[in-house]
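Below: one structure, written as structure tokens.
The values are calculated or read from the model by the stated rules, or taken from the named source; none is laboratory data. Keep in mind that this is a model prediction, so the values were computed, not measured. Here Cβ is always computed from backbone atoms with ideal geometry, including for glycine, and neighbour counts include all displayed protein chains.
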Amino acid sequence: MKRMALVLPSIFRIFFLYPAFKSPLSSGAQRLEVVWDSDSLDWKDLPASEITQRVTSKVQPGSIVLFHNAALHTPEALPAILETLLQEGYTFVPISQLILPGTCGTDYTIDHTGRQCPACP
């Protein structure tokens, strides 16, 4: 990765990883591996209405939704997904704003779903 980008990013997602898989690239380094918790399954060429229903029913605060660039019906589904989630009070932020700063175990913990939780004072 460093040879291609010249600099190793501090936040990354490896393609084709499932959330339960731990990447060797993040071990022993000050890098944070980000993985989705809600899969749109858009790569299966589901109809836009099904993608919309799947995503909007599974999203929770802090969710990261997986979409694919070449999925056939994703462009059609996105406006309804965004509108629904905005009406439900969600906001959309870059990963860098979603991640809690600091050190795991000191400043935050990670729960059984993989979500960061602020550490108790």
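Mind checking whether some residue in region 14-21 is more than 26 Å from PRO118 (Cα to Cα), assigned to a loop (DSSP other than H, G, I, E, B), modelled with pLDDT under 90 and out of contact with any Ser or Thr (no Cβ under 7 Å at 6 or more places or on another chain)?
So far as region 14-21 goes, yes, one or more of its residues are more than 26 Å from PRO118 (Cα to Cα), assigned to a loop (DSSP other than H, G, I, E, B), modelled with pLDDT under 90 and out of contact with any Ser or Thr (no Cβ under 7 Å at 6 or more places or on another chain).
Only one of these conditions is not met by GLY114: (1) in contact with a Leu (Cβ under 7 Å, 6 or more places away or on another chain); (2) more than 17 Å from GLU50 (Cβ to Cβ). Which number is it?
Exception for GLY114: condition (1).
For region 69-95, give me the residue count where each residue is polar (S, T, N, Q) and free of Cβ contacts under 8 Å to residues at least 24 places away in the same chain.
The initial filter retains those residues of region 69-95 that are polar (S, T, N, Q), namely 69, 74, 84, 87, 91.
Of the ones still in play, those that are also free of Cβ contacts under 8 Å to residues at least 24 places away in the same chain are 69, 87, 91.
Residues that pass the stated criteria total 3.
For region 83-106, what are the residues that are exposed (fewer than 15 other Cβ atoms within 10 Å of the Cβ), modelled with pLDDT of 85 or more, more than 11 Å from GLY62 (Cβ to Cβ) and not polar (S, T, N, Q)?
GLU83, LEU86, GLU88, GLY89, PHE92, PRO94
Against the definition (at pLDDT 75 or above and closer than 24 Å to SER96 by Cβ), how does ASP39 come out, yes or no?
Working: at pLDDT 75 or above: yes; closer than 24 Å to SER96 by Cβ: yes.
In short, yes.
Among the residues of region 61-76, what is the count of those that are over 19 Å from ASP111 (Cβ atoms) and in a loop (DSSP other than H, G, I, E, B)? Even if it seems obvious, please write down each step before you answer.
So in region 61-76, the residues over 19 Å from ASP111 (Cβ atoms) come out as 66-76.
Restricting the remaining residues to those that are in a loop (DSSP other than H, G, I, E, B) gives 67-73.
Residues in region 61-76 being over 19 Å from ASP111 (Cβ atoms) and in a loop (DSSP other than H, G, I, E, B): 7 in total.
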